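Novice: This is the structure I want to talk about, given as structure tokens.
The values are calculated or read from the model by the stated rules, or taken from the named source; none is laboratory data. It should be emphasised that the depicted structure is a prediction, and the values quoted were computed from it without experimental measurement. Methodologically, a virtual Cβ is constructed for each residue, glycine included, from the backbone with ideal geometry; neighbour enumeration extends over all protein chains shown. The accessibility values were calculated without ligands, DNA or RNA, using every heavy atom of the protein model including side chains. Shrake-Rupley method; radii C 1.70, N 1.55, O 1.52, S 1.80 Å.
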Amino acid sequence: MSYLSGEPEDVGVSGAKGEASVSGWAARAEPIIAVRGDARNQVRAVPAQVAVVDGWWNILTVNSAWSERALRSGRGDRLKVGANLKQYIHDTDDLGAETAAAMLEGMHTIETRAQNQFALNYRGFDDETHYQFTIDCFEVGGRRYATVARVNVTELYDLRAQTIKLSSNLMQAQASLVRAQEDERRRVAAALHDTAAQHLVGVNLGLARLREISKDPTVLAMAAELSGLLDEFHREIRGVTYVMHPPEIRRNGLHEAVRLLCGGFARRTGLDIALRIYGEDRRRGTAVEAAVFRLLQEALTNIQKHAGAKSVRIRLGSRANAFVIVIHDDGVGLPKDWGQMLVGIGLPAMKRRIEDLGGCLHLESRHSRTGTTVAAMIPRHSAGLDYLPGSAHDQPAAAA
């Protein structure tokens, strides 16, 4: 028979000798039970099923919670002082073969002194009850003993299941909110493009006609000036509609949209933008991809307006389970009160949006020439279903 102490004891675990030696085991249990005055009563009173065993897995004391459970299952004579816990686990059929084998394997590991603790979570063989089975070894008087406990953790499992369900519902609600925001952006962008831009074109045509029929130099000069302003305003509207609803994500995927954004921004501002992209572009057009794209838009705009930077380094990683983006500039950094300054540069809203998708945003800056770093991580699964109009989510993934 295996034992915990490393040395065989002079008492058997079964048969007449074993039954006659119950008093001997109880006597050896006294140093353990007396470690803290009323420890025996404490063991017996706890709601969990608890037993104390000696180095041969012989039961020195077992509380009523466990012994009464054994009585109800017709095995009370096998789980009492003097009985062998390892034999009880081996013989019982209410654990299931797989669970019993796992428990015996854990007990064997403890016997070899490979570890002093063991824990196993398992489900009841004939019901939906969940238990945690634990063994903790200790020494008293140079001898090795163990407390063995079985705790009903069904409520914890139920709470965990409810938490997972609530988290899933919350994530779906957050994805629906982001989808609604993007749909509204698309609607406004389309309205600007189809209505306001067309009116501007009409006004510009009217000014061109005015220049044709008028010979007054003052009128001609004013018409030319107004036409120039309208052209500039038209370009601004086109820029706004692009920012509100970038079509590249839908058509070409996030990676290509980021390349086009960085290339166009570098040409317009003169910034030296170094972009590196890692991983696969699955071209799904999800809320996560839109959030990554808009974070980069916001960051580049802030760099151009506030940082006085000459170069920007961007790293975009498309991992299997998340997007990671890091944006670093060599500008002047943010002032000491940059926490209040953020209110005016759009990052708080971006931070909330990323957090709504289960991600996180980190901003690091010093008021020096070391510049500013913006880093974000967003789980891929946060967004739920594709939402961008015309998203080709059934297309195969393409390498970046």
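Novice: Go through the residues of region 94-103 one by one and say whether even a single one is modelled with pLDDT of 75 or more, under 20 Å from His130 (Cβ atoms) and exposed (fewer than 13 other Cβ atoms within 10 Å of the Cβ).
Specialist: Yes; the residues of region 94-103 include at least one that is modelled with pLDDT of 75 or more, under 20 Å from His130 (Cβ atoms) and exposed (fewer than 13 other Cβ atoms within 10 Å of the Cβ).
Novice: Of everything in region 271-286 that's outside any strand (DSSP E or B) and open to solvent by less than 30 Å² (accessible area, probe 1.4 Å), which residue is modelled with the highest pLDDT?
Specialist: Here the answer is Leu271.
Novice: Which number in (1) part of a strand (DSSP E or B); (2) under 28 Å from the mean Cα position of the chain (by Cα); (3) hydroxyl-bearing (Ser, Thr, Tyr) marks the one condition that Thr147 misses?
Specialist: For Thr147, the exception is condition (2).
Novice: Can you give me the number of residues within region 143-160 that are open to solvent by 20 Å² or more (accessible area, probe 1.4 Å) and in contact with a His (Cβ under 6 Å, 6 or more places away or on another chain)?
Specialist: 2
So that you can scan it fast, the table gives a plain yes or no per residue for (1) charged (D, E, K, R); (2) open to solvent by 10 Å² or more (accessible area, probe 1.4 Å):
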{"position": "Thr269", "(1), (2)": "no, yes"}
{"position": "Val288", "(1), (2)": "no, no"}
{"position": "Val292", "(1), (2)": "no, no"}
{"position": "Glu298", "(1), (2)": "yes, yes"}
{"position": "Gln304", "(1), (2)": "no, yes"}
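Novice: Quick check: is even one residue across region 293-309 more than 26 Å from Arg380 (Cα to Cα), in a helix (DSSP H, G or I) and either among the aromatic types (Phe, Trp, Tyr) or modelled with pLDDT of 90 or more (or both)?
Specialist: no
Novice: Hey, could you check region 362-388 for residues that are open to solvent by 50 Å² or more (accessible area, probe 1.4 Å) and within 13 Å of the chain's Cα centre (by Cα) and say which is modelled with the highest pLDDT?
Specialist: Step by step, filter region 362-388, then rank; the result is Met377.
Novice: Name the one entry in Arg179, Arg211 that is under 25 Å from Glu355 (Cβ atoms), out of contact with any Pro (no Cβ under 8 Å at 6 or more places or on another chain), open to solvent by 50 Å² or more (accessible area, probe 1.4 Å) and basic (Lys, Arg).
Specialist: Arg179
Novice: Here's another thing I want to ask about it. Suppose we filter region 89-125 for residues that are within 19 Å of Asp54 (Cα to Cα) and either in contact with a Pro (Cβ under 9 Å, 6 or more places away or on another chain) or among the hydrophobic types (A, V, I, L, M, F, W, C) (or both); how many remain?
Specialist: Count: 8.
Novice: Report, ordered by the first and then the second residue, all pairs with beta carbons closer than 9 Å, sequence separation of six or more or different chains, a first member in region 345-361 that is closer than 22 Å to His306 by Cα and at pLDDT below 85, and a second member that is surrounded by fewer than 16 Cβ atoms within 10 Å (Cβ to Cβ) and not aromatic (Phe, Trp, Tyr).
Specialist: Pairs found: Ile345/Thr301; Ile345/Lys305; Gly346/Thr301; Lys351/Cys360.
Novice: If a residue must be among the basic types (Lys, Arg) and at pLDDT 90 or above, how many such residues does region 59-93 contain?
Specialist: Total meeting the criteria: 1.
Residues are listed down the side, and each one gets a yes or a no for (1) surrounded by fewer than 14 Cβ atoms within 10 Å (Cβ to Cβ); (2) free of Cβ contacts under 8 Å to residues at least 12 places away in the same chain; (3) over 40 Å from the mean Cα position of the chain (by Cα):
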{"residue": "Trp57", "(1), (2), (3)": "no, no, yes"}
{"residue": "Arg69", "(1), (2), (3)": "no, no, no"}
{"residue": "Gly76", "(1), (2), (3)": "no, yes, yes"}
{"residue": "Ile110", "(1), (2), (3)": "no, no, no"}
{"residue": "Asp127", "(1), (2), (3)": "yes, yes, no"}
